[in-house]
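Novice: One structure follows; several queries about it will come next.
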Amino acid sequence: MAEGERVAVIDTKLLELIACPISKGPLVYDAARSELVSKSARLAYPVRDGIPIMLPSEARSLRDDPPER
C-alpha cells in the first residue's frame, strides 16, 4: 500500500442493516473502489474514512452497466 493510501473496511453487521436510500434494496461493498453498490438503483455510494456517504447527490451512477435482475 502506498503512503497516504487507505483501505476502508465496512463492518458486515452494518452492511446487513443499511439499505440504498433510493431503492431500499441491499448494498454490496466494493473494497477496490471503496464504495457501497446498489445493483437495483445502479448507484455506488462512496465510503470515506470508513464512513458510508449515503446521500444520493454523492452517489456515482452505474448507468453504463447492465441492470441486475
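Novice: Can you give me the long-range amide H partners of Tyr29? Hydrogens built in the peptide plane at 1.01 Å from N, cutoff under 5 Å, separation of 5 or more residues or another chain.
Specialist: Val37
Novice: Between Leu15 and Asp64, what is the FRET efficiency for a Förster distance of 25 Å, r being their Cβ-Cβ separation, to the nearest 0.05?
Specialist: The computed FRET efficiency comes out at 0.50.
Novice: In debye to the nearest 20, how big a dipole does the range 16-69 give about its Cα centre with +1 on each Lys and Arg Cβ and -1 on each Asp and Glu Cβ?
Specialist: Once rounded to the nearest 20, the dipole reads 180 debye.
Novice: Enumerate the amide H contacts of Gly50 below 5 Å, restricted to partners 5 or more residues apart or on another chain; note that Pro and chain-start residues carry no placed amide H.
Specialist: Distant-sequence amide H within range of Gly50: Val9.
Novice: Quick one: with all protein chains in place, what share of the accessible area of the range 7-61 is carbon or sulfur, to the nearest percent (1.4 Å probe)?
Specialist: 60
Novice: Applying the Karplus parametrisation 6.51 cos²θ - 1.76 cosθ + 1.60 with θ = phi - 60° to the phi angles of the range 46-58, what ³J(HN,Hα) value in whole Hz is obtained for each residue in order, glycine and proline being reported as x?
Specialist: Per-residue couplings from phi come out as x, 10, 10, 6, x, 10, x, 9, 8, 9, x, 5, 9 Hz.
Novice: Could you work out how far apart the two model spin labels at Lys24 and Leu55 are, taking each label as a point 7 Å from the Cα in the direction of the beta carbon, and quote it in nm?
Specialist: 2.4
Novice: Turning to a different aspect of this structure: Cα atoms only, the range 10-55: Rg and Dmax in Å?
Specialist: Using the Cα atoms of the range 10-55, the pair Rg, Dmax is 9.4, 25 Å.
The values are calculated or read from the model by the stated rules, or taken from the named source; none is laboratory data. This one's a predicted model, so the numbers in the text were calculated from it and none came from an experiment. Using ideal geometry, Cβ is built from the backbone for each residue, glycine included, and neighbour counts are taken over all protein chains shown. Please note that ligands, DNA and RNA were not included when accessible areas were found on the heavy atoms of the full protein model with its side chains. Shrake-Rupley method; radii C 1.70, N 1.55, O 1.52, S 1.80 Å.
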